[in-house]
Amino acid sequence: MDRVSKENYYLDIAETVIGRSTCLRRRYGAIIVKNDEIISTGYNGAPRGRKNCVDLGHCSREELNVPRGERYELCRSVHAEANAIISAARRDMVGGTLYLAGKDAATGEILSDATSCAMCRRLIINAGLKKVVIRTSPTAYTLVEVQDWVEEE
């Protein structure tokens with residue numbers, strides 16, 4: 001019997017969380033795990049009570065041809081990592097791992113270049129997370145030591 005690795009097990013769950021994403025460009029799911037327990041989950045979507053891009057039928061950044069990774073202040077969504085962090089107590093996250101998966105909203109393809117934006121990296125650092133595992137294909141992933149982001153300055 002082939003048993004799925006622990007990393008891919010949690011990445012599969014993060015990929016399931018993507019099903020709640022409301023972004024018209026790139027859909028993300030994140031989970032925070034510590035001591036083999038899921039602490040919280042998050043997906044990218046508008047703040048509670050506000051309309052999502054899927055409800056409005058358009059994306060402001062897409063309409064303005066804003067390149068990926070730029071002008072996040074124009075985006076309606078709270079990122080998946082931020083939502084997962086918001087939903088957890090810091091004391092439960094310290095030393096934990098964030099698992100992140102992303103898909104192209106138009107094609108449903110796994111994003112081979114998924115990563116956390118600069119703001120989410122700061123949130124991850126302050127949350128006390130130790131590692132980030134990012135899915136790059138159905139079975140491959142990148143492991144990031146959060147300390148590397150701290151030292152990048």
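Quick notes on this one:
- Selected from 87, 5, 67, residue furthest toward positive end of dipole (the chain; charges at beta carbon): 87
- For the chain, the Cβ-based charge dipole about the Cα centre amounts to some 560 debye (Lys, Arg positive; Asp, Glu negative; other atoms uncharged).
- Selection from 144, 42, 114 lying farthest towards where the dipole of region 10-151 points positive, charges on Cβ: 42
- Computed with a 1.4 Å probe over protein heavy atoms only, the accessible area of residue 109 comes to about 120 Å².
- Between the entries (i) 1.04; (ii) 0.94; (iii) 0.96, the label attached to Rg/Rh (Cα atoms, Kirkwood Rh) calculated for this structure is (iii).
- Applying a DSSP loop filter and a limit of 12 other Cβ atoms within 10 Å to the trypsin sites (Lys or Arg not before Pro) in region 11-89 leaves 48, 50, 51, 68, 71.
- Residue-averaged 222 nm ellipticity for the chain, from DSSP H runs of 4+ at -39500 (n - 2.57), nearest 500: -7500 deg cm²/dmol
- Model label sites at residue 38 and residue 56, defined 7 Å from Cα along the beta-carbon direction, differ in position by 2.9 nm.
- FRET efficiency, residue 115 to residue 65 (Cβ-Cβ, R0 25 Å, nearest 0.05): 0.70
- In a fully extended conformation the segment linking residue 140 and residue 87 would gain 16.4 nm over its present Cα-Cα distance, using 0.36 nm per residue.
- Taking the C-alpha atoms only, the angle from helix 118-127 to the longest principal axis of the chain is near 40 degrees.
The values are calculated or read from the model by the stated rules, or taken from the named source; none is laboratory data. Treat the numbers as computed from the prediction; the structure is a model and nothing was measured. Neighbour counts are summed over all protein chains in view; Cβ atoms, including those assigned to glycine, are modelled from backbone coordinates with ideal geometry. These area figures cover heavy atoms from the full protein model, side chains too; ligands, DNA and RNA do not enter into them. Shrake-Rupley method; radii C 1.70, N 1.55, O 1.52, S 1.80 Å.
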